[in-house]
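Read the figures in this text as sums done on the coordinates, not as results from a lab. Computed from a predicted model, the values in this text were never measured in an experiment. Cβ atoms come from the backbone with ideal geometry, glycine included; neighbour counts cover every protein chain shown.
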Amino acid sequence: MAAKKPAQGVSGSVPVDEPSGLLAAIRGIWESARSQAARSVNSALVQANWLIGKQIVEAEQGGKSRAAYSRRLLKTLSEALEKDYGNGFSVSALQYMRAFYLGYPGLLKIQHAVRVESGEAFGAQPEPWTPGSLHTGLSWTHYRTLLKVDRREARDFYEIEAVRNGWSARQLERQINTFLFDRLLKSRD
């Protein structure tokens, strides 16, 4: 009597039922790694956009005629950056980066040498997250959406809820557009 062939995996060569749970374990590892990679990329993009905004603000502060200088500066930067890197550096994108830095001045904690030397950067527990600081659960699109909220307490509320509930940028925008913060505030009265 011929031995029964085990079920074939996706590639056709790995039995998925021996040992039990192997395929599920591998899928779990892979999905976790993909998710972590996406968060890392998003976080790097958010940090880069904040730092670019910081550079623009600092360059503008060195200019004498701020309004005219700012328009020329952004147009010049946009042309050069789009030539080097393609889309993503339009004048409006640079304006968002500038607004992002101004709206979230404490997003990134810039460490000073004294703090590093004191050992605070090594082995210390990270500070708990607070609104207005970087969170890997918030993408550049989340932050751009949050910039539309003028009142600080409302923006903090939406930021906290987006993190707590895992809202997509689209869900966040829907909650902002339906005035969730204001409705909840009124319901307390």
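Using the Cβ-Cβ distance between Leu180 and Glu79 with R0 set to 30 Å, the FRET efficiency works out to roughly 0.15. A Förster radius of 35 Å, combined with the Cβ-Cβ distance separating Glu58 from Thr141, puts the computed FRET efficiency at roughly 0.90. Based on Cα contacts under 8 Å between residues 6+ apart, region 138-189 shows a relative contact order of 38 percent.
Starting from the Cα gyration tensor of region 128-170, take the square roots of the eigenvalues, sort them a ≥ b ≥ c, and report rounded, prolate or oblate (rounded when a/c is under 1.5, otherwise prolate if a/b is larger than b/c, else oblate). Please report the intermediate quantities before stating the final value.
Values: a/c = 1.44, a/b = 1.09, b/c = 1.32.
Rounded is the answer for region 128-170, as its axis ratio a/c remains below 1.5.
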